């Protein structure tokens, strides 16, 4: 998400303009919540992550720091660090993908079972990835970010993101039987 005049918005936020801070929160909190919820698998922890992300953002502004541009990348980086710290302190939980892989009520039972099995395999495959690989896959294929946006957020070169994505997809494919057609478009 690119805001119309991010630079001006950030300058106003640094002066603690309530309207600008509200626009920033309203613009970025839903995406941060979805991101955290998918990686944490717990809505309460996702809410805590979002709250702490904005608290850290405000704390940085309070001491004269914070971003001058690329606000989205800055906020997602804070959330990523929070999630990484959370996983260092706790064992990983199963990520629930129900809201991302919706089923039609008119689907036949075989299709529902097949989709359920595929969701479980995706969950297992995601848990087997490194944290950076998992973040690349979630941002690229669930959040639908470009390679450049992911690179900016992870503060890595585009080539490194492509390599992480490639290795993650190879690893994920190994979790699916060869007869199951699972396609990941790397572009």
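Bear in mind that the values in this text are calculations on the coordinates, not laboratory data. The structure presented is a predicted model; accordingly, all values stated were derived computationally and were not measured. Note that each Cβ is placed from the backbone with ideal geometry, even for glycine, and that neighbours are counted across all protein chains shown.
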Practice prompt. Quickly run through the stretch 137-161 and pick out the residues that are part of a helix (DSSP H, G or I) and free of Cβ contacts under 8 Å to residues at least 24 places away in the same chain.
Written response: 147, 148, 150, 151, 158, 159, 160
Worksheet item: Which of the residues belonging to the stretch 53-75 are assigned to a loop (DSSP other than H, G, I, E, B) and within 17 Å of residue 32 (Cβ to Cβ)?
Response: 66, 67, 70
Worksheet entry | Residue list for the stretch 57-72, restricted to those being surrounded by fewer than 17 Cβ atoms within 10 Å (Cβ to Cβ) and on the phi < 0 side of the Ramachandran plot | 58, 59, 60, 62, 63, 65, 68, 69
